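The structure appears right after this line, and notes come after that.
The values are calculated or read from the model by the stated rules, or taken from the named source; none is laboratory data. Quick caveat: nothing in here was measured; it's all calculated off a predicted structure. Using ideal geometry, Cβ is built from the backbone for each residue, glycine included, and neighbour counts are taken over all protein chains shown.
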Amino acid sequence: MTTELKDYLLRNIPGLTPEDLELLLPSITFKKYKSGESLISPGDNNTKVYFIKSGIIRVYHLLDNGTEKTMLFHNKKSFVGNYGGIIFSRASRFFYQTVGETEVFELTYDAIHKGAQKSISLNNLRGNMFLMMIGILLNNIEDFVLLKPEERYQKHLEENAKALQKVPSKYIASLLGITPVSLSRIKKRISK
């Protein structure tokens, strides 16, 4: 791995020390994906953890009728993985697909777990990674229950305006639980 990529990880993962990075380096690979490529598919027993350098990863489920239901978008400087696989050793129920060109650092959860046994700071980092992943899921659930679609859209705009510009409207509508036509109406109301 290049010095530039190592420096990027040290600057962008809070709590990662140079010593921790050296422990993990043999297990880290840097990968580039084209738009629409899948990192994880339903049925995969994937326990890899991805740290996004650039791009967006969409997590979605494909219904029997062919409808895609978007659950989450993850963008740069966030961790993503098959939560069920990491926590419960369960096969994925979702597709994890790139939206636009995406660059990620990939490593197995097992490497993080083994490193955490050798380093207190890496153990803390592992805990923070889980808290971040759980926090994203919890916020998503709470927003879906407590906010109207327009409020959810405005919140996503406030938090991820740049990233949302790269995401097709049909995926955003699916995330909000509405049709693309309803999203178009929301966009018109907001722009007035």
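Some notes on this structure:
- Check on LYS77, closer than 22 Å to PHE130 by Cβ, in contact (Cβ under 8 Å) with a residue 12 or more places away in the chain and out of contact with any Leu (no Cβ under 8 Å at 6 or more places or on another chain): yes
- Matching strands (runs of 3 or more DSSP E) fully within region 1-89 where at least 2 residues are under 26 Å from LYS114 (Cβ atoms): 29-33, 38-40, 48-62, 79-81
- For the residues LEU39, LEU72, LEU63, the requirement of being assigned by TED's automatic domain parsing to the domain that holds ASP7 and crowded, with 21+ Cβ neighbours inside 10 Å singles out LEU39.
Results for (1) of a type in the set (Phe, Trp, Tyr); (2) closer than 20 Å to THR102 by Cβ, shown as yes or no for each residue.
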| site | (1), (2) |
| --- | --- |
| THR2 | no, yes |
| PRO14 | no, no |
| GLU22 | no, no |
| ILE28 | no, yes |
| LYS31 | no, yes |
| TYR50 | yes, yes |
| SER54 | no, yes |
| GLY66 | no, no |
| LYS76 | no, yes |
